[in-house]
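The values are calculated or read from the model by the stated rules, or taken from the named source; none is laboratory data. On a predicted model such as this, the values are computed, not experimentally measured, just so you know. When we count neighbours, we look across all protein chains shown, and the Cβ atoms used for this are built from the backbone with ideal geometry, even at glycine. With ligands, DNA and RNA removed, areas are computed over all heavy atoms of the protein, side chains included. Shrake-Rupley method; radii C 1.70, N 1.55, O 1.52, S 1.80 Å.
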Amino acid sequence: MSVLDAAERMTRDELTVLQVTRLQETLFHAYEHVPHYRVAFDAAGVHPRDFQALADLARFPFTTKDDLRDNYPFAMFAIPVDQVRRIHASSGTTGRPTVVGYSEKDLDTWADLMARSIRAAGGRPGMKVHVAYGYGLFTGGLGAHYGAERLGCTVIPVSGGMTARQVQLIRDFRPEIIMVTPTYLLTLIDELEKQGIDPRSTSLCIAVLGAEPWTEQMRTEIEQRLDLDAVDIYGLSEVMGPGVAQECVETKDGLHIWEDHFYPEVIDPVTGEVLPDGERGELVFTSLTKEAMPVVRYRTGDLTRLLPGTARPAMRRMEKVTGRTDDLIILRGVNVFPTQIEELVLGTPALSPHFQLVLRRPERLDEMTVRVEARPDLPPTQRPVAATELQASVKDKVGVTVEVEVVDPDTLERSVGKLRRVIDER
């Protein structure tokens, strides 16, 4: 008996028919029940009945994070608030939070898709899952929790923080799977080593990592230090939460998008033009089955490209997210993403994966300092050599001149959730 569900075994033609039907339903549902969409569609001169084929979606307007903030708290909901069974929200650190509502059916769908994702990562019923994503209004913890239970796993709902206790529970409870941000997993690895425990000796065999961009170099670092399979999971609260797309453990070649529930497009972030599969741009999603809060052409801000399916042939893959449009640093006219620096830091053996980018403007021009921890076994006399090596790599590969400050191990603030990579002091 196949471990794949019926949707994962669809042909591309079968999937396309399903997508057209569900998109028609979503567009009518949004137009009839969300005033914002009625106004936006009317202003763009389109009506849900104009949608007959997938290509017609490009005629409809985008939805942005500002649209969600402008309709705070509940005006984007398509069902009465008393029929909403759960509310999640973003942190709101850059303004009003974005609020998301879920019907009972939405929560059921989410649990199913998270179960599908954990299974694609290699998880199976009966395994123990250590959930170190944050619980609460953030979607990560509860999304992972209910998905793991739906799959038939045993959930250890640890949440973030209390790093030493996390290590103790991993040793005592012996989970096979950990679900966590990649940077916090590095913090847990460091804590294991600090306690004199070989990280490769733990029971963990699968790490499902998400909530922030991470590179292939970081995957290699984590897999070698923990002796497990590290796979990527993707999601965002505005679309559902984690479980929108998942990397399959058998291929580790990008994330298969669960296209029976989310229709992806990639656009030019400047012009808004839809780009062909294979071209890199900004990822856009339209929900296909959400009741409480359908989203139409939501601009995620994430940069990636769409590729043909492999482990799930009908479902297209998205390449690992290389950065966000709002993560972009323009340094003296050169575009720089933190993931580019991460790749080079991890390629410098004397340096640890823990780094921050500090932006300053001492006079008229911007300057960037890469503040990075030395590996514990690096003699202080060798730090200038490592700094010079990284500085040369950044100049050669990225095309900018930066300062590199190599600091003591355990100096930089550790992540317990999404890591703050960029410190802007300008």
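Points to keep in mind about this one:
- Amide H contacts for residue 253 (H built 1.01 Å from N in the peptide plane; partners 5 or more residues away or on another chain; cut-off under 5 Å): 248.
- A simple spin-label model places the labels of residue 412 and residue 58 4.1 nm from each other, with each point 7 Å out along Cα-to-Cβ.
- Gyration tensor (alpha-carbon) shape descriptor, segment 369-426, a/c threshold 1.5: oblate
- Only helices enter the 222 nm calculation for the chain: every DSSP H run of n ≥ 4 contributes -39,500 (n - 2.57), and dividing by all residues gives -9500 deg cm²/dmol, rounded to 500.
- Debye log10 I(q)/I(0) for segment 134-198, one point scatterer per Cα, at q = 0.11, 0.29 Å⁻¹: -0.26, -1.40
- Gain in span if fully extended, residue 36 to residue 310, counting 0.36 nm per residue against the direct Cα distance: 94.9 nm
- Efficiency of FRET between residue 401 and residue 165 - r from beta-carbon atoms, R0 45 angstrom, step 0.05: 0.55
- Between residue 354 and 373, the built amide H atoms are under 5 Å apart, and every one of these is 5 or more places off in sequence or on another chain.
- For the chain, the relative contact order comes to 14 percent (Cα pairs under 8 Å, sequence separation of at least 6).
- Cα Rg, Dmax, segment 74-154, angstrom units: 14.2, 42
- Across the cross-link table entries 105/128; 128/194; 105/252; 65/395, which are compared at the Cα atoms, the separations over 28 Å belong to 105/252; 65/395.
- The eigenvalues of the Cα gyration tensor, multiplied by 5 and square-rooted, give segment 1-151 an equivalent ellipsoid with semi-axes of 30, 24, 12 Å from largest to smallest.
- Looking at the chain, the DSSP beta bridges with both ends there are about 60 percent antiparallel.
- Isotropic mean projected area of the C-alpha convex hull, the chain (nm²): 21.2
- Calculated SAXS-style log₁₀ I(q)/I(0) at q = 0.16, 0.17, 0.20, 0.23 Å⁻¹ - segment 295-417, Debye, Cα scatterers: -0.87, -0.94, -1.13, -1.33
- Rounded accessible area per residue of segment 56-117, 1.4 Å, Å²: 46
- Selection of GluC sites (Glu not before Pro), segment 264-328, meeting DSSP coil and at most 13 other Cβ within 10 Å: 273, 279
- Gain in span if fully extended, residue 364 to residue 11, counting 0.36 nm per residue against the direct Cα distance: 121.4 nm
- With every protein chain in place, segment 169-247: carbon and sulfur % of accessible area (1.4 Å): 42
- Amide H contacts of residue 128 (H built 1.01 Å from N, under 5 Å, at least 5 apart or other chain): 154, 176, 177
- Per residue, in Å², the accessible surface of segment 203-246 once ligands and nucleic acids are set aside, probe 1.4 Å: 23
- Compactness index (Cα Rg / 2.2 N^0.38 Å), segment 198-344: 1.10
- The alpha carbons of segment 231-282 give a radius of gyration and a Dmax of 12.3, 37 Å, in that order.
- Inverse mean reciprocal Cα-Cα distance (Kirkwood Rh) of segment 108-223, Å: 14.2
- Extended-chain gain in nm, criterion 0.36 nm per residue less alpha-carbon gap, residue 50 and residue 426: 130.6 nm
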